[in-house]
Every structure is written in C-alpha cells, then in structure tokens.
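Student: Here it is, the structure, as structure tokens.
The values are calculated or read from the model by the stated rules, or taken from the named source; none is laboratory data. Quick caveat: nothing in here was measured; it's all calculated off a predicted structure. Glycine gets a Cβ as well: all are built from the backbone with ideal geometry, and neighbour counts include every protein chain shown.
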C-alpha cells in the first residue's frame, strides 16, 4: 500500500530530471536525438540511431520499417561523414560533445565505431583525459553496447567536480575569501570550506570535506582520501595513492600523480618527499595521518564511574498492547494494481474464497485501478502557551457551499495535545463524494476546533481550494488553534436561522454558520435526526455516509460516541493528575498520557519530584521570575543542561522548585546573565528535599570583573590557562565565574584551589516556537525546546505580570499594577497581606471624607449669588466632579480586590468595569485639575481687569470653557476603552482575572504625553496665576500709596490675600510627590516597590477631598454663603418636622 510520501516526492535517480515518471528520461533523450545537423543526411542520422537501438535491445522492432541492423551499417558507410556529433548540441553543463567515427568494414572489431570520442569545449577539463570512451568491461561483452545515455550518466558525477557553478576567473579565485580546489580550475567560497561536511564533494579527493573519512570516535585516522570503488564510497591512505592497484574506480587521483611510486614505499615518505610535485605535497598534508585529541569532559570529584538512571519507570507490564498483526503473502501474482490483496473466505464448509482489494485513498475500483481526485493535506498544528496542556478535537471537512445544503464530502477527526503532538505532521486525504468532481463548484477545507474535555467550541479555519481543475490538490498548512482569550466576531448580516453567524479565525472576510444540534446546511436550515450519544456533539451530516458527524467526550469513542474508553479507569494517573486516552484512530505505543503536574513524575506520576526550597538574603534584589539551570554530570560524556523557571509570589521571600530529572549542579539566573551558584552534589539522590539560602558571595562574576584588559583580549585557548588564578585569590572569595562560552566552578584539589569549566550556552531563544503571548515587548521562554508544557515572559523595564500586561510608567499607573499580585486568591480579607488591608482602610476613609467634602461644597456653590461669576460655576462643577470621582475611586479599589478573591465572579460585570472604570476615573481626575486651574486663572484675570471686569461675560465664558474641557479631556483619551480587555492567568493552579490594556508603542507614547500634559499644564497655570494675583495687586496698591515701597505692599498683600494663595500652594504641594515619583524613578521596577507608589496613588485623590477646606473656609464670602445655606436647610427641616407633628 503506497504511503503518503510515495504520492508526493521527487526522484533523483537521473541527472537529467527529477521526475518519478519511468519514461521521462527516455523522452528527453529522444528529444535530443531529434535535433539533427542540417549537413547530415537523413539516412545517416537515423541509421546511427537505429544501430544504437539494436545494440541496446536486439529485439527492438521500432526500426524494422527503416533498416535492419546490417543494412543500417551499410547506410552509415555510404551516407555518413568520417566524423559526426550525436547529439549535435553540447551536453553536461554545455561543455561535452560525443564524436562518432564512421563505420568501416576494415576495423578489427566492427563494434568499435559505437564508442565515441569525448570532446571538451572548456580547458577546465584538460587534466581529465579521455581519448575515446572505450570501457573494457563493456567491450568484452559481445551483447552489450554503450549508448549516449550511458555516457551522460557516467560522466555527470565526474564532471561535476570540475564544473564552475559561477563563472569564476583567476582573479576571483585568487581572492582571500575563495578556496581553489586542488588540480582544478574550480574555486568555492572559503566559508563553504570552513562550514564543510554538507555531504557534497566539490574537489578531488574530497579535500573540501575534511571529515568525510574521519570517524567521530576514532583517535587516529589513517585513510583520509575519499573516492569510489564499485559504486561504494571508500577512504584510502597515502600508501594507495598513485599505485597500480586501482584502489579507486574513477581514478581521479591519478590526474595529479607525476612521481613514480613503487609498491615498497610511498611518495609521502620523508625520503621521497623531496621529489614530489606541489600538488602531491599538498595531498600528503591533506590526507596524511590525522590524530584526534581525546576529549576530557567535565566531571566532579567523588563521582561514580557512571550514573544509573534512577528515574526509570517502576511500573512494568501493566499496560499490554495488542500483539502485532502478521501479514503473510497469499499469492505471488498480485491481484490489485494498488493497495493490499485480501482473500475472504465465503463458506467454512466449501472453503470458497473471493479476492478483494483494500485501496489507498488515491485509488478506487475493484482492483484499485482508477486514480481518485483527492485533496492531499499535510498539516502541523500550533497553539498558544495557555493551551499547551488542553486536548483538542479537530474536525477537518471537505465542503462546498454553493447552495444552502453545504455538502460535506468527507472528513477526518483527530485528537491533538500540544505536549504530545507538537512535532507531529498529519498527512490526510480527503475525497470528493462524486467522481469526477464538479469543477464549477467552490470547494474548501474547513477546520472546526473543540476542547476535548469540555467540548467548548474554540473556532474555525477555512482554506479555499483555489485550483479545482487539478486532479490532485496538495496543501501544506501550519494551522494556529485560536486562543481561549479571543472572542468570536459575530456577523453584521446574520442569515443563520438555527445557529450563530461567526467569522473564520484566519479569514475575517468569510463567515460561517455554527449550527445548533440537529441542524445543518449553509444557513442551518436543514433539520436532521442526530445519532450521536447524548453527551457528545453533532456538528453535521456527512454526504458519503449520510450519518451524523459526532465529536466524542474525552472518555468515549466510536462513530456515535457509544463506546467507553476504559484505559483511564483501569490505569488512572496518580496524585490527581488528569489521564488522557490516546486517540483510537492513531498508531501509538502508549495507550494513555498523563497531563503533567508539578511535584510528581513517572508514566503515571506516581513518583515524587526533588523539592528545592531557595531563600534569599535581603541585600539581593529578586525579580518576579527567575531561571533555574540544572547540570547533569556524567563521566566520559558532556554535561547535560536543563532549564526551568519559577515565579516568586510578592508576599514570599522564598521559592519552591520541583524537579524530576537527575542533576548535580544548580545555578539560578535572577536577571539576564546574573548567575548564583545554588548547590553542587557529587551523587544524585531521587525524591529529596534541599533547603538553600542564596547569599551575595554565591554570585558568579564575569571574567571582565576579574581579569584586566590584557588577559581579556587574549584568544580563548590562551586566556583559559589563567582561569585558575581567580579561584586562588582569597580576596575574591569566588565559588564560580563565567565567560561567553563557559561556566566555571572553583573547587579544592588536594592542597590547591582550581577552576573546573564546562560549556554553557548563555543565549537562550525567547520566542516560544513563534507563539509569543507576552505583551509590551516581553520575551517568551518555554521549559522545553520540544513540546513544552509551560512558558514564562521576561518583561522589559517598567512592565511586569505573567504576560507583562502591567505598565508602571508615567501618570497612568493603575491600582491593578500596584496591588494585583499582593492579593491572595480565595482568601478572606482578614488574611490578606498588610498592604491590601491598609489600602481597604484608606479607601473607606477617603470615601467618607470626600463624600462629606463634596456635599458641603456643592450646597455652598449651588447658591445663585455664587454662580453669578465664572469662578462660581467652576467651583460648582468641581464639587459635582468630586462626588463622581470618589464613587469611581471606591469601585476601582474594591472591585480588583474582590475579583481576585473570586467574590465577584460575574464576567460580564467585570468586563464592563474594565472597559469603563479606568477611563471615567482618569477623566474625572483630569477634569478636577483643569477646573482648579480655571478658578485660579479666573481670579488672576479679575485682578488684571479690575473695574473693567464683567460678571456676565465671565459667566458665559465659564459655561463655554467647561463644555470645551469635557470634550477635550474625552477626546484625548477616548481610545482607552478600545484597548482594554479581560485576561485570564493560570499559574501554579492559581487563577486570576486581570483588566489589561495593550497599546502599540506609538499609542503608549501618546498616552504618556497626554497624562503628563493633563497634570503639568494645570499645575503651571495654578502656580503662575498665584504669582500674577499677588504681584498685580501689589502694583495696583503701589500706585495708590506712593509713601510705601513695593516690597512693603507685597508683604501686605500676601498677608491680606493669603486665602487666595492657599489653593494653588496646597495643590502644588500635593502634586509634588506624584511628580517626583513619576519622573525620578521613571517606573515601578517590580511589585516589591508597591508601597511608595501606593502612597503616590492615594495622594493624587487628596485634592478632590479638600475643596471645602481650601475654597470655602478661608474665604469670608463663601463661608457666609455656607452658613446661610446651612441655616436655610435647618429652617426647612424644622418646618418639615412641624408639619409632620401637626399631621399626626
């Protein structure tokens, strides 16, 4: 039965073509033979071709109508010139001609004329001497004759070595970056020689492939000249060069032999070396005895000779696979054209049988004699890191949707688990339900993806079949499984009757109807009776079987999901690990797989990991996430490195690492290339607990911190001999250090301290196999290069979070970023960290104080006499804004805390507050700052105008300015809600829901500029207005009181109008801490610095709390209006009480 690869490959058996068609090469030769020289007679030309045909096959009858063999010879003698070229065109790189001599009866052997002279039109082949291509082994066989086909194939491999891929001349070949092949005009790039061993021989003797004849594990290599012997590759030494024993068939090596060599000595011997040519001397150096230095690998003192694998599987023979099926040959003569011959016994008594054929997907018919029109798919799936351990059911459909029915021609269903199948390439054939297919229809491939455990719909992909006229349509795809956080985009024009209209994940312009159970068709208008089990999904009807397509839950299988998979019930994974049965339709040695869980390992996770507890001294700055590098050391082998990572909770000063693989050395990497030696164990013990305190003395320094420049600039081979010195310097007190290639340990060897180094790759790849979900430029790291289970984001400066989702720069710092990781999920308030409890207490105090302040200010500035001027309108608007701000502030403080504690589980509510709350809160704060600035500028403007000030115009201007401010503030931040969304984070069985914002780099800069503008501009207006107010008033008084100096009047004005200065001065003082924090520290480096930023965050909400105290109490006018308002409300309350008593 042909495999998938047999249908979709190229063949390299001939130098003329890559086609796998058997007669393709013959057709090319016939095409060349038809190109005849006009000066050659017709009879001569075709007589020669017929002789070639008869010589190759005496029973060939194609030339019988033209000439028989002997008649053809006579025609050649009479009509042909003395010499002719067949074919007439140059072949083999356009340089080779085959010249044939005219047949003559006087030849000693009449067949000699069939052996051509081989002519070269390029001087590069001068050393490859061919006078006539007579091969004795062929000439001695009376029934075998050569042909042009034979010479083309025979010479191709030889001439390739001399062929210049590019038209290099001597000037190019003499360049320093080129390599001149020995005894050849060909030259290649020196980098190609330096990066040799690509399996392609370009120069004679494979001098450009220095390791072809050198064995990896052999210390001494004697035979280093590469050639061929009877179609096999051989390696010979200098002894066999240029002798008469014909060590190589192609005899390439004889092209450079000029010195006579007898069989008792070699021309590479010292006694003969003086007489050899330059080329021979070069070859003696190239292919002489090569001694390989023995590699001494890194080891530790006290290690055993070998490390036994102590993590072998302890459960044996518990899972028994079915015995293999033995296929025996039924008959020698195959009945089927393709596929497998099967004989069916029809009746046990008569022993009658019938032969049938099991056809591959590409063929059909009772003998598999007809070729199908399949769609050949080669698919590899990828998924995001948060879905690596989720099994998926993927249904692949061949559909056409030209009508309302939307026919499903065929389908395949697979179970995909990234940790198991990330490297699997699925090869699938999909067939059309009708033969031949209708080329007028629009066909396509549809992928429907579901989570296998919950049967949750993830999304669909669509790939159109663009060229339906092709008999076989091949499609190679890398299909991305949609992320769980991506929500379906619904259609604007919903034509789905009994389903939901959504957009394809990979093509937003194309739509599909995701039908409800029991409905199918393009618009879900065709009702059908489902035959799937009640706990499965029915996604449509297959036209080939006219039955439902069922998606089974995790522990069921079969076309109708009626069969129970008992493997996970009989052999369940231990320690609470989830068991996933293997797909019944896939070949696998394993019947189940356990989803990994931290703390256990083994096939069923029945063994405990090593537990490593690391704590840190307070002087060490610990980032949110660290790398842990484990080194397994084995004698006579290279050390094996494994790397994992760990996130440190902000409320802890230690981390716990579970590790199942053998190890001897442990390093931690806090920041990029900032290593600390953790432990060194000469003997590995399984399932142990290690407690270790990391101290500053454990830090591994770079050699730039240890050596001076003269040693640093040395080559590695010369520099490394100084590596013992740092270990012997007691002042350094080093336990380890590193360079760009190695990590080195300092250890005691007898009575001296030495360095022991091993190779260590410092440059890890941070792309998570192209599935980087880290935001804001974070780098993604996975715990394994193949089929990883976990990922980690390395965040740039000013960003942190599991996916670098929090920005901690500028004035846009959110409370989520400050408190987020301090909140412990699923824990009551009284057990939360101190910073969380204090934040809640301060929030309550702020809400009460601000609410009282806002109410008192509003009833004061509500009076009509106060609002007769612009400043009164500003203050009344400010009191209303204050009340909105405090309400939003309370929600912003309480909702994140309660959502992390899972007290607020409603996702719709959380999504609404995520989109709107920060936007409205920031807008209210900005409005508060601008209104304060407007009050200060209005007062300054009043002093400047003096008696010319008009209250009516001031009031009208205030109304316009308030509207403009509202529109301006909203317009500068209206983009914010569109970039906010909820994000789920699952880390160490801990689930959190975050409200995150994802700006582009340009929008992030614009947002920072706008925040700074809304903060600094009102700050400057307040400051300048205060200065103008006092200085202008002093100038006015100095003009009236000429007997007093300006400075005396200035002091008097400061004393008399100190209430006017209180507002801007208080606002400036309260703004300074936030200004200093934002511009001095730039950003919050990690969540460990939360206290100072939490203080700055709460300070920014103090100004709205002080409106009554800084505007009403210092002003006699406002204070009187406040008392009048209180008296009026008191009278209203008393009248209401009297009316109430009278009514009783």
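Student: Quick one: which of 959, 945, 952 is in the same structural domain as residue 1102 (by TED's automatic domain parsing), surrounded by fewer than 15 Cβ atoms within 10 Å (Cβ to Cβ), more than 30 Å from residue 806 (Cα to Cα) and in contact with a helix residue (DSSP H, G or I) (Cβ under 8 Å, 6 or more places away or on another chain)? Spell out how you get there, then give the answer.
Tutor: Details: 945 fails: in contact with a helix residue (DSSP H, G or I) (Cβ under 8 Å, 6 or more places away or on another chain); 952 fails: in contact with a helix residue (DSSP H, G or I) (Cβ under 8 Å, 6 or more places away or on another chain).
Selected residue: 959, the only one of 959, 945, 952 that is in the same structural domain as residue 1102 (by TED's automatic domain parsing), surrounded by fewer than 15 Cβ atoms within 10 Å (Cβ to Cβ), more than 30 Å from residue 806 (Cα to Cα) and in contact with a helix residue (DSSP H, G or I) (Cβ under 8 Å, 6 or more places away or on another chain).
Student: I need the full set of residues from region 723-751 which are without any contact (Cβ under 8 Å) to a residue 24 or more places away in the chain and in a loop (DSSP other than H, G, I, E, B), in order please.
Tutor: 729, 730, 731, 740, 750, 751
Student: If a residue has to be touching a helix residue (DSSP H, G or I) at 6+ places or on another chain (Cβ under 6 Å) and either surrounded by fewer than 16 Cβ atoms within 10 Å (Cβ to Cβ) or without any contact (Cβ under 8 Å) to a residue 24 or more places away in the chain (or both) to count, how many in region 643-682 make the cut? Give the derivation first.
Tutor: Just the residues of region 643-682 that are touching a helix residue (DSSP H, G or I) at 6+ places or on another chain (Cβ under 6 Å), to begin with: 650, 676-677.
When the remaining residues are screened for being either surrounded by fewer than 16 Cβ atoms within 10 Å (Cβ to Cβ) or without any contact (Cβ under 8 Å) to a residue 24 or more places away in the chain (or both), the result is none.
Matching residues across region 643-682 total 0.
Student: Of the numbered conditions (1) crowded, with 18+ Cβ neighbours inside 10 Å; (2) under 36 Å from the mean Cα position of the chain (by Cα); (3) touching a residue at least 24 places away in the same chain (Cβ under 8 Å), residue 916 satisfies every one except a single condition; which is it?
Tutor: Every listed condition holds for residue 916 apart from (1).
Student: Moving to a separate point now. Considering each of 425, 500, 510, 437 in turn, give the residue that is in contact with a strand residue (DSSP E or B) (Cβ under 8 Å, 6 or more places away or on another chain), crowded, with 18+ Cβ neighbours inside 10 Å, modelled with pLDDT of 85 or more and outside the structural domain of residue 805 (by TED's automatic domain parsing).
Tutor: 437
Student: Let me ask something else. Tell me, which residue of region 897-931 that is at negative phi and not in a helix (DSSP H, G or I) is modelled with the highest pLDDT?
Tutor: Residue satisfying both the conditions and the ranking: 906.
Student: From the list 887, 837, which one is part of a helix (DSSP H, G or I) and over 41 Å from the mean Cα position of the chain (by Cα)? Break it down into steps so the answer makes sense when it comes.
Tutor: Details: 837 fails: over 41 Å from the mean Cα position of the chain (by Cα).
Exactly one of 887, 837 is part of a helix (DSSP H, G or I) and over 41 Å from the mean Cα position of the chain (by Cα), namely 887.
Yes/no per residue for (1) part of a helix (DSSP H, G or I); (2) under 23 Å from residue 994 (Cβ atoms):
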| position | (1), (2) |
| --- | --- |
| 842 | yes, yes |
| 845 | yes, no |
| 857 | yes, no |
| 864 | no, no |
| 880 | yes, no |
| 883 | yes, no |
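Student: Moving on to the next point. Taking residue 754 as the residue in question, decide whether it is assigned to a loop (DSSP other than H, G, I, E, B) and touching a residue at least 24 places away in the same chain (Cβ under 8 Å).
Tutor: no
Student: Could you pull out the residue among 561, 532 that is on the phi > 0 side of the Ramachandran plot, in contact (Cβ under 8 Å) with a residue 24 or more places away in the chain and in a loop (DSSP other than H, G, I, E, B)?
Tutor: Result: 561 is the single residue among 561, 532 that is on the phi > 0 side of the Ramachandran plot, in contact (Cβ under 8 Å) with a residue 24 or more places away in the chain and in a loop (DSSP other than H, G, I, E, B).
Student: Now for a separate question. Regarding residue 567, is this residue at pLDDT 85 or above and out of contact with any helix residue (DSSP H, G or I) (no Cβ under 8 Å at 6 or more places or on another chain)?
Tutor: no
Student: I'd like to know if region 86-94 contains one or more residues that are in the same structural domain as residue 38 (by TED's automatic domain parsing), within 17 Å of residue 53 (Cβ to Cβ) and at pLDDT 70 or above.
Tutor: yes
Student: Looking at (1) at pLDDT 75 or above; (2) in a loop (DSSP other than H, G, I, E, B); (3) surrounded by 15 or more Cβ atoms within 10 Å (Cβ to Cβ), which is the only condition residue 14 fails?
Tutor: Going through (1) at pLDDT 75 or above; (2) in a loop (DSSP other than H, G, I, E, B); (3) surrounded by 15 or more Cβ atoms within 10 Å (Cβ to Cβ) one by one, residue 14 breaks only (1).
Student: Could you list all residues from region 683-716 that are in a loop (DSSP other than H, G, I, E, B), surrounded by 13 or more Cβ atoms within 10 Å (Cβ to Cβ) and in contact (Cβ under 8 Å) with a residue 40 or more places away in the chain?
Tutor: Answer for region 683-716, where residues must be in a loop (DSSP other than H, G, I, E, B), surrounded by 13 or more Cβ atoms within 10 Å (Cβ to Cβ) and in contact (Cβ under 8 Å) with a residue 40 or more places away in the chain: 684, 686, 687, 695, 700.
Student: Would you confirm whether or not region 971-984 contains a residue that is loosely packed, with under 12 Cβ neighbours inside 10 Å and outside any loop (DSSP other than H, G, I, E, B)?
Tutor: There is at least one residue in region 971-984 that is loosely packed, with under 12 Cβ neighbours inside 10 Å and outside any loop (DSSP other than H, G, I, E, B).
Student: Still on this structure, please answer the following. Could you identify the single residue in 417, 455 that is in contact with a strand residue (DSSP E or B) (Cβ under 7 Å, 6 or more places away or on another chain) and over 24 Å from residue 525 (Cα atoms)? Before the answer, list the steps.
Tutor: On the way: 455 fails: over 24 Å from residue 525 (Cα atoms).
417 is the lone residue from the list that is in contact with a strand residue (DSSP E or B) (Cβ under 7 Å, 6 or more places away or on another chain) and over 24 Å from residue 525 (Cα atoms).
Student: Could you figure out which of (1) modelled with pLDDT of 75 or more; (2) in contact with a strand residue (DSSP E or B) (Cβ under 8 Å, 6 or more places away or on another chain) isn't true of residue 598?
Tutor: (1)
Student: Determine whether residue 897 is crowded, with 17+ Cβ neighbours inside 10 Å, out of contact with any strand residue (DSSP E or B) (no Cβ under 9 Å at 6 or more places or on another chain) and within 13 Å of residue 995 (Cα to Cα). Show your work before the answer.
Tutor: Values: crowded, with 17+ Cβ neighbours inside 10 Å: yes; out of contact with any strand residue (DSSP E or B) (no Cβ under 9 Å at 6 or more places or on another chain): yes; within 13 Å of residue 995 (Cα to Cα): yes.
Taking the combined requirement at face value, the residue satisfies it.
Student: Checking residue 934 against (1) assigned to a helix (DSSP H, G or I); (2) at pLDDT 85 or above; (3) surrounded by fewer than 20 Cβ atoms within 10 Å (Cβ to Cβ): exactly one of these is not met. Which one?
Tutor: Of everything listed in (1) assigned to a helix (DSSP H, G or I); (2) at pLDDT 85 or above; (3) surrounded by fewer than 20 Cβ atoms within 10 Å (Cβ to Cβ), residue 934 misses just condition (3).
Student: Ok, one more. If I go through region 590-644 residue by residue, how many of them are within 24 Å of residue 821 (Cβ to Cβ), outside any loop (DSSP other than H, G, I, E, B) and more than 29 Å from the chain's Cα centre (by Cα)?
Tutor: 6
Student: Answer yes if at least one residue in region 70-80 is over 30 Å from residue 429 (Cβ atoms), modelled with pLDDT of 70 or more and assigned to a loop (DSSP other than H, G, I, E, B), and no otherwise.
Tutor: yes
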